[in-house]
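Chemist: Pasting a structure here, questions to come.
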Amino acid sequence: MTADEKKKAVALAALEYVESGWVIGVGTGSTANHFIDGLAKIKGKLDGAVASSNATADRLKKVGIPVLDLNSTGDLPLYVDGADEATKHLHLIKGGGGALTREKIVAAASAKFVCIADDSKLVDVLGRFPLPVEVIPMARSLVARRIVELGGQPVLRENFKTDNGNIILDVHNLKIMNPVELEEKLDHLAGVVTNGLFARRPADVLLLASDQGVRKLT
Ligand code: 5RP
(Lines give C-alpha, C1' and ligand atoms only; values in the text may rest on other atoms or scores of the structure.)
Protein backbone atom coordinates (compact mmCIF):
# COMPACT_ATOMS: atom_id res chain seq x y z
CA MET A 1 0.00 0.00 0.00
CA THR A 2 1.18 3.52 -0.69
CA ALA A 3 1.23 6.08 2.13
CA ASP A 4 -1.84 7.72 0.60
CA GLU A 5 -3.74 4.42 0.44
CA LYS A 6 -2.94 3.89 4.13
CA LYS A 7 -4.15 7.41 4.97
CA LYS A 8 -7.40 6.72 3.15
CA ALA A 9 -7.89 3.35 4.88
CA VAL A 10 -7.35 4.79 8.36
CA ALA A 11 -9.59 7.79 7.61
CA LEU A 12 -12.43 5.52 6.54
CA ALA A 13 -11.94 3.39 9.68
CA ALA A 14 -12.54 6.51 11.81
CA LEU A 15 -16.03 6.94 10.33
CA GLU A 16 -17.32 4.29 12.72
CA TYR A 17 -16.82 6.73 15.62
CA VAL A 18 -19.35 9.17 14.13
CA GLU A 19 -22.86 9.02 15.58
CA SER A 20 -26.15 10.43 14.27
CA GLY A 21 -27.04 14.00 15.16
CA TRP A 22 -23.53 14.94 16.22
CA VAL A 23 -21.45 18.03 15.52
CA ILE A 24 -17.84 16.87 15.35
CA GLY A 25 -14.40 18.48 15.12
CA VAL A 26 -12.47 17.89 11.92
CA GLY A 27 -8.71 18.24 11.55
CA THR A 28 -6.38 19.41 8.83
CA GLY A 29 -4.08 17.72 6.34
CA SER A 30 -4.13 14.97 3.74
CA THR A 31 -5.36 12.25 6.14
CA ALA A 32 -8.10 14.52 7.49
CA ASN A 33 -9.06 15.31 3.88
CA HIS A 34 -9.71 11.61 3.27
CA PHE A 35 -11.87 11.64 6.40
CA ILE A 36 -13.87 14.59 5.02
CA ASP A 37 -14.36 12.72 1.75
CA GLY A 38 -15.66 9.76 3.75
CA LEU A 39 -17.92 12.02 5.82
CA ALA A 40 -19.41 13.39 2.61
CA LYS A 41 -20.95 9.97 1.98
CA ILE A 42 -22.68 9.89 5.39
CA LYS A 43 -23.27 13.62 5.77
CA GLY A 44 -26.99 13.14 6.56
CA LYS A 45 -25.84 11.73 9.90
CA LEU A 46 -24.10 14.94 10.99
CA ASP A 47 -25.62 18.19 12.21
CA GLY A 48 -22.37 19.91 11.28
CA ALA A 49 -18.66 20.18 11.92
CA VAL A 50 -16.17 22.54 13.54
CA ALA A 51 -13.11 23.02 11.34
CA SER A 52 -9.54 23.27 12.59
CA SER A 53 -8.46 25.47 9.68
CA ASN A 54 -9.78 27.60 6.85
CA ALA A 55 -8.72 24.90 4.37
CA THR A 56 -10.78 22.28 6.22
CA ALA A 57 -13.75 24.65 6.47
CA ASP A 58 -13.62 25.15 2.69
CA ARG A 59 -13.45 21.42 2.03
CA LEU A 60 -16.32 20.65 4.41
CA LYS A 61 -18.50 23.30 2.80
CA LYS A 62 -17.66 22.01 -0.67
CA VAL A 63 -19.03 18.55 0.21
CA GLY A 64 -22.14 20.07 1.82
CA ILE A 65 -21.35 19.68 5.53
CA PRO A 66 -22.41 22.75 7.57
CA VAL A 67 -19.43 24.44 9.26
CA LEU A 68 -20.25 25.74 12.73
CA ASP A 69 -18.50 28.15 15.09
CA LEU A 70 -17.09 26.51 18.22
CA ASN A 71 -18.52 29.40 20.23
CA SER A 72 -22.02 28.29 19.29
CA THR A 73 -21.60 24.52 19.63
CA GLY A 74 -20.19 24.09 23.12
CA ASP A 75 -18.12 20.96 23.75
CA LEU A 76 -17.92 18.35 21.00
CA PRO A 77 -18.25 14.56 21.32
CA LEU A 78 -15.50 13.76 18.81
CA TYR A 79 -12.45 15.20 17.07
CA VAL A 80 -10.72 13.36 14.23
CA ASP A 81 -7.34 14.54 12.97
CA GLY A 82 -3.97 13.35 11.67
CA ALA A 83 -0.50 13.81 13.15
CA ASP A 84 3.10 14.22 12.06
CA GLU A 85 4.44 11.89 14.76
CA ALA A 86 2.81 9.72 17.42
CA THR A 87 4.05 7.49 20.24
CA LYS A 88 2.42 4.45 21.79
CA HIS A 89 1.52 6.76 24.71
CA LEU A 90 -0.60 8.72 22.17
CA HIS A 91 1.56 11.83 22.54
CA LEU A 92 1.72 13.66 19.21
CA ILE A 93 3.57 16.23 17.19
CA LYS A 94 1.15 18.17 15.00
CA GLY A 95 1.25 21.35 12.94
CA GLY A 96 3.05 20.24 9.81
CA GLY A 97 0.22 21.99 7.98
CA GLY A 98 0.46 25.01 10.29
CA ALA A 99 -2.99 24.56 11.85
CA LEU A 100 -1.73 23.59 15.32
CA THR A 101 -3.44 26.33 17.32
CA ARG A 102 -6.95 25.71 16.07
CA GLU A 103 -6.28 21.97 16.19
CA LYS A 104 -5.35 22.25 19.85
CA ILE A 105 -8.45 24.31 20.58
CA VAL A 106 -10.77 21.80 18.91
CA ALA A 107 -9.00 18.89 20.64
CA ALA A 108 -9.42 20.65 24.01
CA ALA A 109 -13.14 21.05 23.36
CA SER A 110 -13.67 17.40 22.42
CA ALA A 111 -14.59 14.46 24.63
CA LYS A 112 -12.78 11.99 22.37
CA PHE A 113 -9.80 12.68 20.09
CA VAL A 114 -9.29 9.99 17.48
CA CYS A 115 -5.93 10.41 15.75
CA ILE A 116 -5.58 8.84 12.31
CA ALA A 117 -2.19 8.13 10.74
CA ASP A 118 -0.22 5.75 8.60
CA ASP A 119 2.35 3.61 10.39
CA SER A 120 5.31 5.76 9.25
CA LYS A 121 4.20 8.31 11.89
CA LEU A 122 4.76 5.97 14.86
CA VAL A 123 8.02 6.72 16.72
CA ASP A 124 9.62 5.71 20.01
CA VAL A 125 10.69 9.27 20.85
CA LEU A 126 9.13 12.45 19.43
CA GLY A 127 11.35 15.01 17.73
CA ARG A 128 12.61 13.66 14.43
CA PHE A 129 9.83 15.71 12.82
CA PRO A 130 10.64 19.40 13.46
CA LEU A 131 8.33 20.70 16.18
CA PRO A 132 6.12 23.58 14.92
CA VAL A 133 5.71 26.56 17.22
CA GLU A 134 3.26 29.36 16.34
CA VAL A 135 4.66 32.74 17.34
CA ILE A 136 3.41 36.35 17.34
CA PRO A 137 5.55 38.01 14.60
CA MET A 138 7.17 40.67 16.85
CA ALA A 139 8.47 37.92 19.19
CA ARG A 140 10.17 35.88 16.43
CA SER A 141 13.78 36.55 17.47
CA LEU A 142 13.09 36.50 21.21
CA VAL A 143 11.35 33.13 21.02
CA ALA A 144 14.05 31.76 18.71
CA ARG A 145 16.76 32.68 21.26
CA ARG A 146 14.83 31.03 24.10
CA ILE A 147 14.32 27.88 22.02
CA VAL A 148 18.07 27.68 21.39
CA GLU A 149 18.58 27.90 25.17
CA LEU A 150 16.22 24.91 25.49
CA GLY A 151 18.43 22.94 23.08
CA GLY A 152 16.43 23.27 19.85
CA GLN A 153 17.31 24.74 16.48
CA PRO A 154 14.45 26.99 15.30
CA VAL A 155 13.94 27.57 11.58
CA LEU A 156 11.46 30.12 10.28
CA ARG A 157 8.85 28.54 7.99
CA GLU A 158 9.38 30.63 4.87
CA ASN A 159 6.49 32.38 3.09
CA PHE A 160 3.97 31.07 5.57
CA LYS A 161 1.37 32.77 7.73
CA THR A 162 -1.06 30.85 9.95
CA ASP A 163 -4.84 31.31 9.76
CA ASN A 164 -4.33 33.54 12.83
CA GLY A 165 -1.82 35.82 11.07
CA ASN A 166 1.25 34.51 12.90
CA ILE A 167 4.54 32.87 11.94
CA ILE A 168 5.79 29.33 12.53
CA LEU A 169 9.20 28.35 13.87
CA ASP A 170 9.98 24.70 13.11
CA VAL A 171 12.27 23.40 15.84
CA HIS A 172 14.88 20.85 14.73
CA ASN A 173 17.23 18.59 16.70
CA LEU A 174 14.92 17.85 19.60
CA LYS A 175 14.83 14.49 21.31
CA ILE A 176 11.70 14.89 23.36
CA MET A 177 12.03 12.59 26.35
CA ASN A 178 9.41 14.44 28.42
CA PRO A 179 6.77 15.87 26.06
CA VAL A 180 4.47 17.20 28.80
CA GLU A 181 7.31 19.23 30.33
CA LEU A 182 8.51 20.65 27.00
CA GLU A 183 4.96 21.50 25.95
CA GLU A 184 4.54 23.54 29.13
CA LYS A 185 7.95 25.24 28.85
CA LEU A 186 7.31 26.33 25.27
CA ASP A 187 3.80 27.56 26.02
CA HIS A 188 5.20 29.75 28.81
CA LEU A 189 7.57 31.67 26.53
CA ALA A 190 6.23 35.18 25.91
CA GLY A 191 5.17 35.43 22.28
CA VAL A 192 4.38 31.74 21.79
CA VAL A 193 0.78 31.15 20.82
CA THR A 194 0.91 27.34 20.74
CA ASN A 195 3.37 24.56 20.16
CA GLY A 196 2.70 21.37 18.24
CA LEU A 197 3.13 18.96 21.13
CA PHE A 198 -0.14 17.27 22.05
CA ALA A 199 0.92 15.62 25.31
CA ARG A 200 -1.05 17.35 28.04
CA ARG A 201 -4.12 16.53 26.01
CA PRO A 202 -2.99 13.48 24.01
CA ALA A 203 -5.14 11.51 21.61
CA ASP A 204 -7.61 9.09 23.20
CA VAL A 205 -7.42 6.63 20.34
CA LEU A 206 -4.69 6.22 17.74
CA LEU A 207 -5.69 4.42 14.56
CA LEU A 208 -2.64 3.33 12.57
CA ALA A 209 -2.74 1.95 9.05
CA SER A 210 -0.16 -0.53 7.81
CA ASP A 211 -0.03 -3.14 5.04
CA GLN A 212 -1.64 -5.53 7.52
CA GLY A 213 -4.69 -3.28 8.06
CA VAL A 214 -5.76 -0.72 10.64
CA ARG A 215 -4.88 -1.26 14.29
CA LYS A 216 -6.08 0.63 17.29
CA LEU A 217 -3.94 1.92 20.18
CA THR A 218 -5.55 3.31 23.29
C1 5RP B 1 -1.75 19.96 10.27
C2 5RP B 1 -1.50 18.71 11.02
C3 5RP B 1 -1.67 17.43 10.32
O4 5RP B 1 -2.54 16.63 11.05
C5 5RP B 1 -0.35 16.77 10.15
O6 5RP B 1 0.53 17.64 9.51
C7 5RP B 1 -0.46 15.46 9.35
O8 5RP B 1 -0.74 15.76 8.02
P9 5RP B 1 -0.99 14.64 6.95
O10 5RP B 1 -2.28 13.97 7.31
O11 5RP B 1 -1.09 15.40 5.64
O12 5RP B 1 0.17 13.68 6.95
O13 5RP B 1 -1.14 18.71 12.18
O14 5RP B 1 -1.42 21.11 11.03
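Chemist: Any residue that is outside any loop (DSSP other than H, G, I, E, B), in the same structural domain as residue 206 (by TED's automatic domain parsing) and within 29 Å of residue 34 (Cα to Cα) - is there at least one of those in region 160-171?
Modeler: Here is the first cut: in region 160-171, the residues outside any loop (DSSP other than H, G, I, E, B) are 167-171.
Still in the running and in the same structural domain as residue 206 (by TED's automatic domain parsing): none.
The answer is no, given that none of the residues of region 160-171 is outside any loop (DSSP other than H, G, I, E, B), in the same structural domain as residue 206 (by TED's automatic domain parsing) and within 29 Å of residue 34 (Cα to Cα).
Chemist: Ok, one more. In this structure, does residue 185 turn out to be crowded, with 19+ Cβ neighbours inside 10 Å and of a type in the set (Lys, Arg)? Full working, then the answer.
Modeler: Details: crowded, with 19+ Cβ neighbours inside 10 Å: no; of a type in the set (Lys, Arg): yes.
Criteria not met by residue 185.
Chemist: Quick check on region 52-93: of everything there that is β-branched (Val, Ile, Thr) and under 30 Å from residue 129 (Cα atoms), which residue is farthest from the ligand (Cβ to nearest atom)? If you could, list the steps in order and put the result at the bottom.
Modeler: If we filter region 52-93 for residues that are β-branched (Val, Ile, Thr), which is where we start, we get 56, 63, 65, 67, 73, 80, 87, 93.
Remaining after also requiring under 30 Å from residue 129 (Cα atoms): 56, 80, 87, 93.
Details: 56: 9, 80: 10, 87: 15, 93: 8 Å.
The qualifying residue farthest from the ligand (Cβ to nearest atom) is 87.
Chemist: I'd like to check something: does region 140-154 contain any residue that is of a type in the set (A, V, I, L, M), within 16 Å of the ligand (Cβ to nearest atom) and either under 28 Å from residue 118 (Cα atoms) or not assigned by TED's automatic domain parsing to the domain that holds residue 28 (or both)?
Modeler: No, because not a single residue in region 140-154 is of a type in the set (A, V, I, L, M), within 16 Å of the ligand (Cβ to nearest atom) and either under 28 Å from residue 118 (Cα atoms) or not assigned by TED's automatic domain parsing to the domain that holds residue 28 (or both).
Chemist: Can I ask one more? Specify which of the listed residues (129, 113) is assigned to a loop (DSSP other than H, G, I, E, B) and either within 16 Å of the ligand (Cβ to nearest atom) or crowded, with 21+ Cβ neighbours inside 10 Å (or both).
Modeler: Details: 113 fails: assigned to a loop (DSSP other than H, G, I, E, B).
Criteria check complete, one pass: 129.
The values are calculated or read from the model by the stated rules, or taken from the named source; none is laboratory data. The structure presented is a predicted model; accordingly, all values stated were derived computationally and were not measured. Backbone-built Cβ (ideal geometry, glycine too); neighbour counts: all protein chains shown.
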